[in-house]
Structure formats: C-alpha cells, structure tokens
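Only one structure is covered here, and it is reproduced in the block below.
The values are calculated or read from the model by the stated rules, or taken from the named source; none is laboratory data. Because the structure is predicted, anything quoted here is derived from the model rather than measured. As a convention, Cβ positions derive from the backbone with ideal geometry for all residues, glycine included, and neighbour counts pool all protein chains shown.
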Amino acid sequence: MDRQKQFFRNALIYLLLALAVNAVLNAVYDRTMIYHRLNRNQDRQFEEYNDTLTFLMLGNSHDMINPEITGNSFNYASPGEVYTQTYYKLKYILEKTGKIPEYAVLSVDPANFSPKAENTLKFDGYWRKYVDYPALARETGDYDYYIKWFTGRFCAYIGNYKFIYMSVIFLNADFSLVKNGYRPPRDYRNFAREPDRNALGLERATSYLAGYGNKPDKGPETYFRKILSLCRDYDITPVLVRMPLTDEYLMHASKLVDLDDLDRQIEGIAAEETGNYIMIDFREALSGKPELFFNADHVNPRGADIISEKFRAKMQAHISR
C-alpha cells in the first residue's frame with residue numbers, strides 16, 4: 001500500500017513538474033518568438049498612431065506599400081497572414097480602437113485564395129488576441145479548431161522549431177526601421193542574380209497554387225467576403241491590389257490557374273459584397289525587372305518603393321476626380 005502511495009505521489013510530482021516546465025517554455029516562446037515581437041511592436045505603433053488614417057494596409061508579406069510614401073497611412077500587414085486573420089484583426093480595430101480608415105488596402109493575388117492559404121492559419125499567443133477560434137469551429141464545422149486553439153494556447157512551441165531557431169538568430173533584432181507598422185522587405189537576396197530563376201518561379205508557384213481548381217477556395221473566399229462586409233458596414237472603401245510578381249512566377253502560375261477567370265470571379269465577389277471598391281493591377285508592373293524582387297513573388301525595398309509611388313499616384317488621381 002505504501003509503495004502504491006509512493007508511486008502516485010511521484011507520478012503527481014512528475015506531472016506537476018512537466019506542466020511547470022511546459023508553461024515556462026510556452027511563455028518564453030510567446031515572449032521571444034520573432035514574429036510575435038514584430039507583431040506586438042506593430043500593435044504598439046498602431047496604438048500610438050494619432051494622425052489621419054486615410055489608408056490602412058492589411059494582409060501579408062506581399063502587401064509592401066510604404067506608408068511614408070503614401071502619407072496618412074499605416075501598414076498592418078504581417079508575414080503569413082491569411083484572410084481569416086485579417087478579418088478578425090480588422091474587426092478588432094473597428095470595434096475596439098475607434099480608428100476607422102477611409103480606405104482599406106488588401107492584396108488579391110492567386111495565393112490569397114488558394115487551398116493552401118487557410119492551412120497556414122496560425123494558433124499561438126499573439127493571434128489569440130484577435131481570432132475567435134471557437135467561432136471559427138462553429139462557422140466552418142471543423143472542430144479541430146478547438147484542438148488547435150488548445151495546443152496554440154498551452155504548447156505553441158511544439159513543432160515550431162524553425163521559428164525557435166529564427167528567434168535565437170534575431171534575438172537582438174533592431175525594430176527601429178519599422179515605421180507606421182511598415183517592415184521594409186528583405187534585401188539580402190536579389191532575384192536577378194539567381195542562376196535558375198525559372199526553377200525558382202516554378203517552385204514558388206507550385207507550392208501555393210497546385211490543386212487550385214477553377215474557383216477561389218471556400219475558406220479564403222468566406223473571409224474575404226467578411227472583410228468586404230465590414231468595410232461596407234463602416235463606410236470604408238476597399239482598395240484591392242494585385243501585387244507584382246516575377247515573369248517566371250507568372251509563367252508557371254498561368255499553367256496552374258486561369259488567372260483571368262480568377263480575377264473576374266474575385267471582382268464579382270467584390271461587386272456583390274460592396275459595389276464601391278477600387279481595383280489596382282500591379283501584377284506585371286515590374287515585368288522584366290527581376291532586380292526589384294527578393295524572390296519570385298516578393299518585391300525588395302526598391303521594388304516596394306516603386307510600387308508605393310505608383311499606388312500614391314493612382315489614389316491621388318482617384319481622390320481628385
């Protein structure tokens with residue numbers, strides 16, 4: 001009997017110790033993960049933003065429009081963000097902060113609507129601030145969201161060893177270059193100098209667009225519609241932007257997806273949800289200029305500034321009409 005009591009006592013001690021270690025590891029990961037730190041720095045800058053908010057840029061690392069060039073703007077895009085996260089973030093901004101932009105700027109690229117997009121939805125300490133995971137489970141009928149919420153809440157570090165490594169590398173990252181939420185694009189690689197750009201274009205296009213079908217995936221489309229509905233409810237004009245892609249990426253993407261038909265479907269959705277929207281097409285704006293790209297589907301700082309200037313000119317022309 002004493003031996004049995006000792007066994008259960010030791011098992012309880014080990015369990016409590018394991019839970020304590022897990023809690024510490026999860027807390028350390030949450031506080032030091034590089035993307036969490038970047039996103040929270042962005043949050044702080046938005047809280048401190050008191051200027052006129054003409055343009056609010058939303059989305060992911062493709063949405064590289066520089067607020068210092070456009071003026072009266074904040075770039076709230078974050079790496080890997082999908083429409084589901086953007087919807088909940090915008091909802092939070094409009095309901096909790098009282099900061100309502102005149103225009104919400106959002107990219108509408110093929111990758112945004114691909115079947116892979118929603119599979120990259122993050123479950124971690126940062127996005128719990130915005131995303132209502134139980135509501136996602138109810139709306140989609142996918143009750144795995146509860147499990148993902150639990151793992152993201154209590155053991156987010158498990159399986160994210162790449163991010164742990166990145167966080168160690170960038171432990172002393174300098175955030176001083178981040179202005180009005182804008183993180184300048186990566187610049188340690190130049191796509192023009194890549195020895196086989198065609199292969200890299202194929203790799204990037206295939207990784208997102210393989211298995212696409214003939215219409216936008218249901219998950220991204222649902223939350224794209226919700227974003228547009230929010231804009232309509234708050235009298236915000238959506239500015240939908242096709243961001244630049246390299247010739248190599250587009251060549252292979254066009255073999256996987258009927259881009260013209262996809263564009264028509266996306267514009268049809270926008271017209272259905274809110275008749276008042278602006279479409280800007282920069283998809284081929286940097287064609288023949290691989291030196292303005294970091295990789296096959298991301299501009300570098302020079303490319304981003306050129307697109308930002310073009311965006312400003314187009315919006316000034318629209319506003320002055």
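Worth a mention:
The rows are residues; the columns are (1) buried (at least 19 other Cβ atoms within 10 Å of the Cβ); (2) among the β-branched types (Val, Ile, Thr).
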{"residue": "Asp2", "(1), (2)": "no, no"}
{"residue": "Lys5", "(1), (2)": "no, no"}
{"residue": "Tyr14", "(1), (2)": "no, no"}
{"residue": "Ala18", "(1), (2)": "no, no"}
{"residue": "Ile65", "(1), (2)": "yes, yes"}
{"residue": "Ser73", "(1), (2)": "yes, no"}
{"residue": "Lys89", "(1), (2)": "yes, no"}
{"residue": "Pro101", "(1), (2)": "yes, no"}
{"residue": "Leu106", "(1), (2)": "yes, no"}
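- For the range 123-161, a tally of residues being over 26 Å from Lys218 (Cα atoms) and either modelled with pLDDT of 75 or more or touching a Lys or Arg at 6+ places or on another chain (Cβ under 9 Å) (or both) returns 8.
- The residues of the range 165-198 that are among the polar types (S, T, N, Q), over 28 Å from Ser254 (Cα atoms) and modelled with pLDDT of 90 or more amount to a single one, Asn180.
- Candidate set: the range 61-101, residues that are part of a helix (DSSP H, G or I) and touching a strand residue (DSSP E or B) at 6+ places or on another chain (Cβ under 9 Å); chosen: the one farthest from Ala296 (Cα to Cα): Ile93
- Residue within the range 195-204 that is touching a residue at least 24 places away in the same chain (Cβ under 8 Å) and in a loop (DSSP other than H, G, I, E, B) present: no
Okay, residues lined up against (1) surrounded by 14 or more Cβ atoms within 10 Å (Cβ to Cβ); (2) under 21 Å from Ser287 (Cβ atoms); (3) of a type in the set (Lys, Arg):
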| position | (1), (2), (3) |
| --- | --- |
| Gly211 | no, no, no |
| Pro220 | yes, no, no |
| Pro244 | yes, yes, no |
| Ala271 | no, no, no |
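- Residue among Gly59, Gly71 that is at positive phi and in contact with a Leu (Cβ under 6 Å, 6 or more places away or on another chain): Gly59
- Apart from one condition, Ala27 fits all of (1) part of a loop (DSSP other than H, G, I, E, B); (2) modelled with pLDDT under 90; (3) among the small types (Gly, Ala, Ser); the exception is (1).
- Filtered residues of the range 123-168 (kept if free of Cβ contacts under 8 Å to residues at least 24 places away in the same chain and within 30 Å of Pro67 (Cα to Cα)): Val168
- Yes/no for Thr32 being over 16 Å from Lys129 (Cβ atoms), of a type in the set (Val, Ile, Thr), in contact with an Asp or Glu (Cβ under 7 Å, 6 or more places away or on another chain) and surrounded by 14 or more Cβ atoms within 10 Å (Cβ to Cβ): no
- The range 60-95 - residue that is closer than 21 Å to Asp217 by Cβ and among the aliphatic types (A, V, I, L, M) and, of those, farthest from the chain's Cα centre (by Cα): Leu90
- Here Val239 fulfils each of the conditions (1) over 14 Å from Asp109 (Cα atoms); (2) of a type outside the set (S, T, N, Q); (3) in contact with a strand residue (DSSP E or B) (Cβ under 9 Å, 6 or more places away or on another chain) apart from (1).
- The test for being in a helix (DSSP H, G or I), small (Gly, Ala, Ser) and in contact with a helix residue (DSSP H, G or I) (Cβ under 8 Å, 6 or more places away or on another chain) does not hold for Ala104.
- Glu267 meets each of the listed conditions (1) closer than 22 Å to Ser207 by Cβ; (2) not in a strand (DSSP E or B) apart from (1).
- Complete set of residues in the range 130-155 that are surrounded by fewer than 18 Cβ atoms within 10 Å (Cβ to Cβ), among the hydroxyl-bearing types (Ser, Thr, Tyr) and outside any loop (DSSP other than H, G, I, E, B): Thr140, Tyr146, Thr151
- In the range 158-196, the residues that are of a type in the set (S, T, N, Q) and either more than 30 Å from Asn50 (Cα to Cα) or surrounded by 10 or more Cβ atoms within 10 Å (Cβ to Cβ) (or both): Asn160, Ser167, Asn180, Asn190
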